[in-house]
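The values are calculated or read from the model by the stated rules, or taken from the named source; none is laboratory data. Source: prediction; values computed, not measured. Ideal geometry is used to build each Cβ from the backbone, glycine not excepted, and the neighbour counts take in all protein chains shown. Surface accessibility is based on the protein's heavy atoms, side chains included, excluding ligands, DNA and RNA. Shrake-Rupley method; radii C 1.70, N 1.55, O 1.52, S 1.80 Å.
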Amino acid sequence: MVTNRVTVSLDEDAQSALDGLTGRTDKAQSELVREALVFYAANFEAATTDAGPNLEAYHQMLSSGEHVLLDVDFLHTFLDYVEGDDGEPAPEFLDAIDRVAAFHAHEYRDRFESLAELLDWLSFCGFLTVRASEGDTFHVVFPTESVKWFMSRFIALSTEQSPFDIEVEEGVSKVLLTEVR
């Protein structure tokens, strides 16, 4: 039972959004406004911090069905498992990740105009952290050596068709990537 009434003035965008939702859900305007307020309160931190733009990127990645959320510990376990007895990844694994990187190279060719755009996109995966340096140079930091190896290989191969080239300089826990035009 509704116990409080609030009068709200809606601008054109808000009215259009409300009209669209009532048409899509067959719910009353008051019910939608109540649900929206509760949702906003539950997600207040995400909606009012710098995570806001990140949420849009996460949604874009996950809604395509191509990407999934992955626990980083699971990734580390996976990468440790694919190493052969000699400590090197199995050739079949290398072939498989190279095929995935080649597919992404084709996709990235028209999608990213700069190394900065690509690194920004890849940082949403949580496997790396990007710190800009000078000009078109970026320090890319990885949580483990195996993730560094895996992602460095992926980045190098997936940028082969891009409108830019990269130079890679290996560091202890990071890679220095420089865009070369």
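Is it the case, given these coordinates, that F138 is more than 26 Å from Y81 (Cβ to Cβ) and in contact (Cβ under 8 Å) with a residue 24 or more places away in the chain?
Spelling it out, F138 is indeed more than 26 Å from Y81 (Cβ to Cβ) and in contact (Cβ under 8 Å) with a residue 24 or more places away in the chain.
Does R131 satisfy the condition of being over 27 Å from G87 (Cα atoms), among the basic types (K, R), in contact with a His (Cβ under 7 Å, 6 or more places away or on another chain) and free of Cβ contacts under 8 Å to residues at least 24 places away in the same chain?
Numbers: over 27 Å from G87 (Cα atoms): yes; among the basic types (K, R): yes; in contact with a His (Cβ under 7 Å, 6 or more places away or on another chain): yes; free of Cβ contacts under 8 Å to residues at least 24 places away in the same chain: yes.
When the stated conditions are applied, R131 passes them.
Any residue that is in the same structural domain as K174 (by the TED database), open to solvent by less than 50 Å² (accessible area, probe 1.4 Å), in contact (Cβ under 8 Å) with a residue 60 or more places away in the chain and farther than 19 Å from D80 by Cβ - is there at least one of those in the range 95-114?
Within the range 95-114, one or more residues are in the same structural domain as K174 (by the TED database), open to solvent by less than 50 Å² (accessible area, probe 1.4 Å), in contact (Cβ under 8 Å) with a residue 60 or more places away in the chain and farther than 19 Å from D80 by Cβ.
Hey, could you check the range 160-174 for residues that are open to solvent by 100 Å² or more (accessible area, probe 1.4 Å) and part of a loop (DSSP other than H, G, I, E, B) and say which is modelled with the highest pLDDT? Full working, then the answer.
First, pick out the residues of the range 160-174 that are open to solvent by 100 Å² or more (accessible area, probe 1.4 Å): 160, 167, 169-170, 172.
Those left that are additionally part of a loop (DSSP other than H, G, I, E, B): 160, 172.
Working: E160: 91, V172: 66.
Across the range 160-174, the extreme among qualifying residues is E160.
Kindly evaluate S146 against the criterion of being open to solvent by 30 Å² or more (accessible area, probe 1.4 Å) and not β-branched (V, I, T). Lay out the reasoning, then the answer.
Numbers: open to solvent by 30 Å² or more (accessible area, probe 1.4 Å): no; not β-branched (V, I, T): yes.
When the stated conditions are applied, S146 does not pass them.
Within the range 127-143, restricting attention to residues that are hydroxyl-bearing (S, T, Y) and closer than 20 Å to Y108 by Cα, which residue is most open to solvent (accessible area, probe 1.4 Å)?
Filtering the range 127-143 down to residues hydroxyl-bearing (S, T, Y) leaves 129, 133, 137.
Cutting the leftovers down to closer than 20 Å to Y108 by Cα gives us 129, 137.
Numbers: T129: 69, T137: 24 Å².
If we take residues in the range 127-143 being hydroxyl-bearing (S, T, Y) and closer than 20 Å to Y108 by Cα, then T129 is most open to solvent (accessible area, probe 1.4 Å).
Regarding the range 4-16, can at least one residue be identified that is surrounded by 10 or more Cβ atoms within 10 Å (Cβ to Cβ) and among the charged types (D, E, K, R)?
Checked against the condition, which is being surrounded by 10 or more Cβ atoms within 10 Å (Cβ to Cβ) and among the charged types (D, E, K, R), the range 4-16 yields no hits at all.
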